[in-house]
1. Based on the alpha-carbon gyration tensor of the chain, what equivalent-ellipsoid semi-axes (square roots of 5 times the eigenvalues) come out, in whole Å, largest first?
2. With charges set only on the Cβ (+1 for Lys and Arg, -1 for Asp and Glu), what does the dipole of the chain come to about its Cα centre, in debye to the nearest 20?
3. Kindly provide the helix-only [θ] at 222 nm of the chain, computed as the sum of -39,500 (n - 2.57) over DSSP H runs of four or more divided by all residues, to the nearest 500 deg cm²/dmol?
4. Can you give me the span-like helices of the chain, meaning DSSP H runs with 18 Å or more of Cα extent along the axis and Kyte-Doolittle mean at or above 0.0?
5. Please give, to one decimal in nm, the separation of the simple spin-label points placed at residue 90 and residue 50, each 7 Å out from Cα toward the Cβ.
6. Rounded to the nearest 5, what % of the DSSP beta bridges within the chain are antiparallel ones?
7. What order do you get for 72-83, 19-30, 53-64 when each peptide is scored by the mean count of other beta carbon atoms within 10 Å, highest first?
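Any read-out appearing in this document is the output of simple, stated calculations on the displayed coordinates, not a laboratory observation. As the structure is a prediction and not an experimental result, all values here were calculated from the model. Cβ sites come from the backbone with ideal geometry, for glycine too, and all protein chains shown count toward neighbours.
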Amino acid sequence: MRLTDYQRRVICRAASECFGASSRVRLFGSRTDDRARGGDIDLFIETDIYDTCAIARAEIDFQVRIQQALGDQQIDLLIDYPGRSTHPSIFAAAEHTAIPL
């Protein structure tokens, strides 16, 4: 996994504060490959929040906190929540390859 301990701590703390203490965060994509270089940070977040407006606010707050702590990083989020009606195919790929933080 190509994230520093500091980056992992920042991401996990921000996820807990924004998406709730029971949220789960996993890394997927190119950053899971220690041999690769560069790439954005792809995160799969599972939350118990069910209100889509609250999820949108949490996502914005999360992105702001991450940018403030880590600087200009490209962060891509997949967010799963109770009652989500669609799960694009990238969800299955993310779940299959994701590494818990």
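1. 21, 17, 11
2. 280
3. -14000 deg cm²/dmol
4. Helices meeting the span and hydropathy rule in the chain are 52-70.
5. Spacing of the two 7 Å Cα→Cβ label points: 2.6 nm.
6. 55
7. Averaged packing, sorted descending, gives the order 19-30, 53-64, 72-83.
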